[in-house]
Amino acid sequence: MEITARGLWTLIHGMGFGALYLLACSGALVELYRFTTSSEFTVGQERFLRFYLITMVVLAWASVLIGAYVVYPWYRAAPPPGTADLSMFPQRLLISSPTTIAWHSLGMEWKEHVAWLAPISITMVAFVFIKYGRDLGNHRQLRSAVLCFAAASFVSAGIAGFFGAMITRDAPVRGGHTIQLNWREEK
Amino acid sequence: MSASSNRPALANGSGAAAVLAAGIGAFALAVLACAGDKLAHVRSSLIFYEPTGPLSGVTTAAILIWLLTWVILEGRWRNKTVPAGRINGAALILLGLSFLLTFPPIADLL
């Protein structure tokens with residue numbers, strides 16, 4: 001079993017930080033709603049939710065920064081003139097066919113920008129929650145804003161994740177040195 | 001007993017500042033993305049890191065606008081009670097516009 005270095009970074013960006021963030025979003029939405037509408041939470045549970053949101057902030061920023069500064073340059077790399085095999089140049093590979101061009105012109109063009117709404121939104125959500133804690137339940141409008149931005153963060157990460165997966169299906173980022181994963185198959 | 005039945009212990013200014021700054025930051029990102037897509041000189045001036053292209057400038061500038069706005073609003077509203085309903089409304093409209101403006105078929109209409 002083997003994986004290329006670029007493939008591994010794409011995996012860390014998408015299946016690591018990105019997918020973990022998406023999984024965490026649904027939990028955060030439920031817990032934020034419950035926390036701000038109930039008085040039954042303990043100090044320990046409040047502390048856990050703070051830690052949970054801070055972890056989400058780290059995941060969101062790590063995902064967009066690795067995406068933009070590590071993976072995206074490989075995606076948008078320009079091939080030397082006359083290159084016939086575009087498999088190492090995902091953007092050009094997608095553009096080269098009418099059946100895949102929209103994965104770039106719609107998918108990647110939207111993904112590369114909308115993804116950044118996730119870390120901006122969740123950073124605000126975490127700040128307001130940490131600042132107000134239980135008192136957030138007494139600020140109806142702030143509570144609504146926090147829940148709306150958390151939902152928007154989920155949606156933006158979902159859009160980015162969906163297009164990331166579809167683009168990788170048709171034009172994966174390839175290259176870099178190969179990492180061998182030893183797997184002894186037992187008969 | 002519901003938590004919402006108590007009087008707030010903290011003024012809402014700090015939270016409202018964070019909410020509005022997030023809306024402004026998101027909108028700034030969308031506007032910069034549109035400008036970078038439409039105007040060649042803006043596009044070239046947004047290339048802060050060549051391998052990433054204009055995306056590097058769009059996101060870096062938007063983050064700076066977001067954080068700067070946040071610091072300014074936090075300084076002004078920290079201990080104040082502000083009309084959070086209107087501020088949240090504005091922030092959510094900006095956030096909604098950000099989703100629309102980053103969507104290529106809509107951005108292409110501009």
Worksheet entry | Sum of -39500 (n - 2.57) over DSSP H runs of 4+, divided by residues of chain A (222 nm, nearest 500) | -19500 deg cm²/dmol
Worksheet, complete the sentence: With the 1.4 Å probe rolled over protein heavy atoms, chain A has an accessible area per residue in Å² of 50 Å²
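Compute the Rg/Rh shape ratio of the protein assembly as shown: radius of gyration over Kirkwood radius, all on alpha-carbon atoms. Don't skip to the answer; put the middle values down first.
Numbers: Rg = 21.1 Å, Rh = 20.4 Å.
Rg/Rh for the protein assembly as shown comes to 1.03.
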Worksheet item: Counting Lys +1, Arg +1, Asp -1, Glu -1, what net charge surrounds A:PHE48 among other residues with beta carbon under 15 Å of its beta carbon?
Response: +1
Discussion item. Between 0 and 90 degrees, rounded to the nearest ten: what's the tilt of helix A:19-37 against the longest Cα principal axis of chain A?
Written reply: 10 degrees
Response to the item:
Between the residues B:PHE27, A:SER144, A:LEU94, the Cα farthest towards the positive end of the dipole of the protein assembly as shown, that dipole coming from +1 and -1 charges on the beta-carbon of Lys, Arg, Asp and Glu, is from A:SER144
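State to the nearest 20 debye the size of the charge dipole of chain B about its Cα centre, where the only charges are +1 on K and R beta carbons and -1 on D and E beta carbons.
Here the size comes out at about 500 debye.
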Worksheet item: Accessible area drop of at least 30 Å² (1.4 Å probe, protein heavy atoms): which residues of region A:25-69 qualify, relative to the chain alone?
Response: A:SER39, A:TRP61, A:TYR69
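For B:ALA90 and B:ARG7, what does the FRET efficiency come to when R0 = 22 Å and r is the distance between their Cβ atoms, rounded to the nearest 0.05?
Working: r = 26 Å, r/R0 = 1.17.
The value I calculate is 0.30.
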Discussion item. Can you compute the FRET efficiency between A:ASN182 and A:LEU65 using 1/(1 + (r/R0)^6), with r the Cβ-Cβ distance and R0 = 25 Å? Round to the nearest 0.05.
Written reply: 0.20
Response to the item:
For the protein assembly as shown, the charge dipole (Cβ of Lys, Arg +1; Cβ of Asp, Glu -1; about the Cα centre) points to a positive end, and the Cα of B:ASN79, A:PHE48, A:ALA118 closest to that extreme belongs to B:ASN79
Worksheet item: Given springs between every Cα pair under 10 Å in a Gaussian network model of chain B, which of B:ILE24, B:ILE65, B:ILE93 has the largest fluctuation?
Response: B:ILE93
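Set the Förster distance to 51 Å, then compute FRET efficiency between A:ILE101 and A:LEU147 from the Cβ-Cβ distance, nearest 0.05. Display every interim value, and only then the final one.
On the way: r = 37 Å, r/R0 = 0.74.
E(calc), rounded to 0.05, equals 0.85.
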Worksheet entry | chain B, relative contact order in percent, only Cα pairs under 8 angstrom and at least six apart counted | 43 percent
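The values are calculated or read from the model by the stated rules, or taken from the named source; none is laboratory data. In this text, all values refer to a predicted model and were calculated from it rather than measured experimentally. Positions of Cβ are generated from backbone atoms using ideal geometry, with glycine treated the same way; all protein chains shown enter the neighbour counts. Ligands, DNA and RNA are excluded from the accessible area calculation, which covers all protein heavy atoms including side chains. Shrake-Rupley method; radii C 1.70, N 1.55, O 1.52, S 1.80 Å.
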